[in-house]
1. For the chain, calculate the relative contact order in percent as a whole number, restricting contacts to Cα pairs under 8 Å that are 6 or more residues apart.
2. Suppose all protein chains stay in the model; what accessible area per residue would a 1.4 Å probe give for the range 1-145, in Å²?
3. If I take every Cα pair under 8 Å that is 6 or more residues apart in the range 1-142, average their sequence separation and divide by the length, what percent do I get for the relative contact order?
4. Please give, to one decimal in nm, the separation of the simple spin-label points placed at N232 and D254, each 7 Å out from Cα toward the Cβ.
5. Over the range 151-201, average the accessible area per residue using a 1.4 Å probe and give it in Å², no decimals.
6. Compute a Gaussian network model of the chain, connecting alpha carbons closer than 10 Å, and tell me which residue from C156, C181, C240 fluctuates the most.
7. Return the carbon/sulfur percentage of the accessible area of the range 1-76, one whole number, probe 1.4 Å, all protein chains in place.
8. Zone of S126 (label point 7 Å along Cα→Cβ, backbone N under 19 Å): which residues in the range 146-184?
Amino acid sequence: MRLYRYIYESFTEFMTPVTCHSFLLRAQPMDDEAQQVMDPLLEVTPSPDSMSVGTSAYSGVLHYGHVSGPHSRFGYRSTGLVRVTGRLRHDPCPNPVFSVHSNLCDFIPEMKSWCVCGTPLESALSMAARIKQELRYSSGTTTVNTKASDAFVQGCGVCQDFSHILISLCRECSIPSRYVCGLVVGEGETHAWVEIWSEGIWYGIDPTSGKQCDDRYIALDFGRDASDCHVNRGVFTGVCTQKTETRVVVKEIDNQ
């Protein structure tokens, strides 16, 4: 069991002011049997006209609100403590959507030779190890809309792409699997990994490292693929370019 203090902050600069800005944020870790969140605080600038808290389709924490006045900068800062118990997530019957291919977790015949159809956990770990070994981690070669098949063909990508490929392979092998967006100790930004289901339990696997997840992983939300797990989604009135900077700090503290 480990206790962490987390800071997640992000700021977006708009080249010209925008108005009527509605936002939806997934910036607070979820609370379940694997991790418990204490003293969570989310601050948004400029101060929103209204903001509410809800739950995503897969139990993540959502903050949604509206900023009506003109602004050239939008930011949020999420802080708190999270205790990671190291327990696995139990689920007697996984959602059927995690067993079928999705838009970003598609499948093409060229991927078939990478499938390992044995026991779920051993198969998924074997496929994750191959992704780690044979695909190249390369920032800027893909986008948030890149499909698993495209990243597979070009042979490179980032954690989102590696997770999409593993999910596609698992689902082709009839292994229920889901995308996880979250925080990892030692990383300065969000990370993505996979959970696969077997006999009532979800097991975390990180294809970027090619290994099973441990108690350094903190989940924000789950989804069919990355399109279900955007940390910041919004619409606004205005035509402009924008630039976003994000900083993530996860630090272990004394758990006495």
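The values are calculated or read from the model by the stated rules, or taken from the named source; none is laboratory data. Just so you know, these numbers come straight off a predicted model, no measurement behind them. Here Cβ is always computed from backbone atoms with ideal geometry, including for glycine, and neighbour counts include all displayed protein chains. Only protein heavy atoms, including side chains, enter the accessible area calculation; ligands, DNA and RNA are left aside. Shrake-Rupley method; radii C 1.70, N 1.55, O 1.52, S 1.80 Å.
1. Details: 635 pairs, mean separation 76.9, N = 256.
It rounds to 30 percent for the chain.
2. Result: 51 Å² per residue.
3. Working: 206 pairs, mean separation 42.6, N = 142.
That works out to 30 percent.
4. For the pair N232/D254, the computed spacing is 3.5 nm.
5. Here the per-residue accessible area is 26 Å².
6. C240
7. C and S fraction of accessible area: 54 percent.
8. 165-177
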